Amino acid sequence: MDPLFFKLVRVVNLTARPFQESVGRQHQLTLNEWRVLSLLGAEPGLTATQVAELTGMDKMSASRAIAGLSRRRRLQRREDPADQRRSRLYLTSAGKTLCSTVGELAKAREAALFARVKPADLGRLDGILDSLLASVAADGQAGA
């Protein structure tokens, strides 16, 4: 029997790979770029540090994803009016269009993935994942 952590990582890998191989190739978008694109589509104006924290990526991976989106003119940096030493990140119109397109494909992938799972089980899974994310966040804040 596989340890729970291994199962969790395996599910992430097995669900992300097909999405990346089809959608990523079609739209010239890495998995980490998609994560940043989706986050900024939902929460525009984040800093790079916030993007790293909210996606769970290390700072270097987040930086590479941000740079890739910027190179393809899908993301733009704007000076933070409250602190001119840092910038805020926003999707360009091309980035917003791509976010919408890929978001619809992601919803379809999610529906197919969960088609055989009972709604009650999905509700429990959602709650468990929220609890797990809160636990991981609390551990991170405690310096663990």
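Data table
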{"read-out": "Qualifying residue in region 98-108 (condition: in contact with a His (Cβ under 7 Å, 6 or more places away or on another chain) and in contact (Cβ under 8 Å) with a residue 40 or more places away in the chain)", "value": "yes"}
{"read-out": "Unmet criterion (only one of (1) closer than 30 Å to Leu125 by Cβ; (2) assigned to a helix (DSSP H, G or I)) for Ala94", "value": "(1)"}
{"read-out": "In region 76-97, the residues that are touching a residue at least 40 places away in the same chain (Cβ under 8 Å), closer than 12 Å to Ala48 by Cβ and out of contact with any Asp or Glu (no Cβ under 7 Å at 6 or more places or on another chain)", "value": "Leu89"}
{"read-out": "Pair list, Cβ under 7 Å, 6 or more apart: region 37-51 residue in contact (Cβ under 8 Å) with a residue 40 or more places away in the chain and under 13 Å from Arg74 (Cα atoms), other residue surrounded by 12 or more Cβ atoms within 10 Å (Cβ to Cβ) and basic (Lys, Arg)", "value": "Leu37/Arg74; Gly41/Lys96"}
{"read-out": "Failed criterion for Arg10 (all others in (1) of a type in the set (D, E, K, R); (2) touching an Asp or Glu at 6+ places or on another chain (Cβ under 9 Å); (3) more than 22 Å from Ala111 (Cβ to Cβ) hold)", "value": "(3)"}
{"read-out": "Any hit, region 71-87, residues being aliphatic (A, V, I, L, M), under 28 Å from Ala112 (Cβ atoms) and surrounded by 15 or more Cβ atoms within 10 Å (Cβ to Cβ)", "value": "no"}
{"read-out": "Any chance Val102 is assigned to a helix (DSSP H, G or I) and surrounded by 13 or more Cβ atoms within 10 Å (Cβ to Cβ)", "value": "yes"}
{"read-out": "Qualifying positions in region 39-49 - in a helix (DSSP H, G or I) and surrounded by fewer than 16 Cβ atoms within 10 Å (Cβ to Cβ)", "value": "Ala42, Thr49"}
{"read-out": "Filter pass, Gln76 being polar (S, T, N, Q) and in a strand (DSSP E or B)", "value": "yes"}
{"read-out": "Criterion: in a helix (DSSP H, G or I), within 18 Å of the chain's Cα centre (by Cα) and among the charged types (D, E, K, R) - qualifying residue of Arg124, Arg64", "value": "Arg64"}
{"read-out": "Region 10-30 residues that are assigned to a helix (DSSP H, G or I) and at pLDDT 85 or above, paired with ones that are of a type in the set (Gly, Ala, Ser) and exposed (fewer than 11 other Cβ atoms within 10 Å of the Cβ) (beta carbon under 7 Å, 6 or more apart)", "value": "none"}
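Here's the yes/no breakdown for (1) touching a Leu at 6+ places or on another chain (Cβ under 9 Å); (2) surrounded by 11 or more Cβ atoms within 10 Å (Cβ to Cβ); (3) basic (Lys, Arg):
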| residue | (1), (2), (3) |
| --- | --- |
| Glu110 | no, yes, no |
| Arg116 | no, no, yes |
| Ala120 | no, no, no |
| Ser131 | no, no, no |
| Ala138 | no, no, no |
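The values are calculated or read from the model by the stated rules, or taken from the named source; none is laboratory data. What you see is a predicted model; the values in this text were computed from it and never measured. FYI the Cβ positions are ideal-geometry reconstructions off the backbone, even for glycines, and counts take in every protein chain you see.
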